[in-house]
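Each remark here refers to the structure printed beneath this line.
The values are calculated or read from the model by the stated rules, or taken from the named source; none is laboratory data. Only a predicted model underlies this, so the values are computations on that prediction, with no experimental measurement involved. As a convention, Cβ positions derive from the backbone with ideal geometry for all residues, glycine included, and neighbour counts pool all protein chains shown.
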Amino acid sequence: MAARRVRVGIVGATGLVGGELLRVLEQRSLPLSELRVFATGRSTGNVIRFRGEDLPLEEAAPGVFADLDLAFFCAGADVAQALAPLAVAKGCVVVDKSSAFRRDPGVPLAVPEVNPQVLRGCPRIIASPNCSTIQLVVAIAPLHRAAGLRRVVVSTYQSVSGTGREAVNELKEQTRAVLAGGQASAGVYPHPIAFNLFPQIEEFGADGYSREEVKLIEETRRILELPDLRITATTVRVPVFVGHCAAVNVELERSMSRAEAVQCLRAGPGIIVLEQDYPTPLLCQGRDEVFVGRVREDPSQDRGLDLWVAADNLRKGAATNAVQIAEFLLGEGQAACG
Ligand SMILES: NC(=O)c1ccc[n+]([C@@H]2O[C@H](COP(=O)([O-])OP(=O)(O)OC[C@H]3O[C@@H](n4cnc5c(N)ncnc54)[C@H](OP(=O)(O)O)[C@@H]3O)[C@@H](O)[C@H]2O)c1
């Protein structure tokens, strides 16, 4: 990106991730010369408040990208597949929050604390990983650097905001219905989510793994550059509005005491370790860091550790990671790309 102050667009600005991105941009100092906000035609005519100004919502269409340097895509894989290549053809750099390009070997999949090197080749499209992947790799990368990862077993507890605003509304409505003595009927999910949980996030494949589990496994291998990493996952949807948690068990190449693991995690970028307490979804809300607690030596194996990892899925799991990618491109990346 050549300009020092950039013209930025947000596609999907009315959604949960788009809304959080606006808050992150208000709080951080990405050098904006202009901000434009896009959604579907249903949203045109409405405005979005940003730094005391009303920004008119525009329909996302191929023509809009010619006047932008950078576009954050927060509108789903179909929209990214249709519009991101057209945006790039108009000279715009795209940071995409969807799964559209995450498996494309020509598109970097980036978490700036973990693999910033993938952002150095002047990429035009950059994929931001799945929310549960981001918090996992931020937490386990320092352990990998210090002692080598041999195997990872992860079970997640994921909030409904990870699905988008319809799921947030559904949890609210179902909760009200049940508390009023009625029944919760399922809509977005295969089962009612209020006062419930289920080990299914997206559809199952022939091998019994859900699409979320496959994303978590494949994206973790890709980001850590460990294509043969032994890793398995069970992903669970829980009736929480914001904040994903994960119980993580790792086997390392060499043993690490609890004290050494805590020290290593404390030194890891973007991590806050809680030693006397443990992180909860409420504790993480609105925070950009990944929280780690309950660090334990696993007594069932010689070189194992257990951790509890939590983060705000809309912040570090989505909006903050995307903005950090843009900050990197405008800082170190700009020097290299001119
Ligand atoms: N939620 C998370 O924790 C999370 C984390 C990582 C990645 N992601 C990914 O981020 C993306 C957005 O998720 P979300 O949770 O923010 O969804 P959401 O709350 O359902 O919002 C969807 C947004 O996309 C817009 N949109 C839909 N179709 C569009 C189209 N054809 N053209 C332009 N805009 C369109 C909607 O605009 P209207 O208001 O006009 O309908 C709305 O702004 C998804 O790909 C999701 O997988 C989400």
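Determine which member of the set Leu226, Leu265 is out of contact with any Cys (no Cβ under 9 Å at 6 or more places or on another chain) and crowded, with 20+ Cβ neighbours inside 10 Å.
Only one candidate passes the filter, namely Leu265.
Taken over segment 154-172, the criterion of being more than 16 Å from the ligand (Cβ to nearest atom) and either surrounded by fewer than 17 Cβ atoms within 10 Å (Cβ to Cβ) or without any contact (Cβ under 8 Å) to a residue 12 or more places away in the chain (or both) is satisfied by Ser155 alone. Across segment 125-132, not a single residue is classified as free of Cβ contacts under 8 Å to residues at least 24 places away in the same chain and either within 15 Å of the ligand (Cβ to nearest atom) or not assigned by TED's automatic domain parsing to the domain that holds Ala246 (or both).
Please go through segment 29-83 and pick out each residue that is on the phi > 0 side of the Ramachandran plot and within 13 Å of the ligand (Cβ to nearest atom).
Result: Gly45, Gly76.
Of all residues in segment 89-118, those satisfying the criterion of being more than 14 Å from the ligand (Cβ to nearest atom), within 22 Å of Glu212 (Cα to Cα) and hydrophobic (A, V, I, L, M, F, W, C) are Val107, Val114. Of all residues in segment 37-88, those being among the small types (Gly, Ala, Ser) and assigned to a strand (DSSP E or B) number 2. For segment 3-26, taking the residues that are more than 7 Å from the ligand (Cβ to nearest atom) and in a strand (DSSP E or B), the one that is nearest to the chain's Cα centre (by Cα) is identified as Ile10.
Close contacts from segment 15-39, counting a first residue that is in contact (Cβ under 8 Å) with a residue 40 or more places away in the chain and a second that is surrounded by 15 or more Cβ atoms within 10 Å (Cβ to Cβ) and among the hydroxyl-bearing types (Ser, Thr, Tyr), with Cβ to Cβ under 7 Å and a gap of 6+ residues or different chains, come to Leu16/Ser161; Val24/Thr320.
Residues of segment 165-177 include at least one that is among the hydroxyl-bearing types (Ser, Thr, Tyr), in the same structural domain as Gly304 (by TED's automatic domain parsing) and under 27 Å from Gly18 (Cβ atoms).
Quick check on segment 187-199. Is at least one of its residues in the same structural domain as Val138 (by TED's automatic domain parsing), surrounded by fewer than 21 Cβ atoms within 10 Å (Cβ to Cβ), without any contact (Cβ under 8 Å) to a residue 24 or more places away in the chain and within 21 Å of the chain's Cα centre (by Cα)? No. What about Gly106, is it assigned to a helix (DSSP H, G or I) and either over 19 Å from the mean Cα position of the chain (by Cα) or modelled with pLDDT of 95 or more (or both)? In short, no.
Taking into account only those residues within segment 39-85 that are within 14 Å of Asp96 (Cα to Cα) and among the aromatic types (Phe, Trp, Tyr), which is surrounded by the most Cβ atoms within 10 Å (Cβ to Cβ)? That would be Phe73. Where strands (runs of 3 or more DSSP E) fall entirely within segment 218-333, those with at least 2 residues that are within 14 Å of the chain's Cα centre (by Cα) are at 244-252, 304-311.
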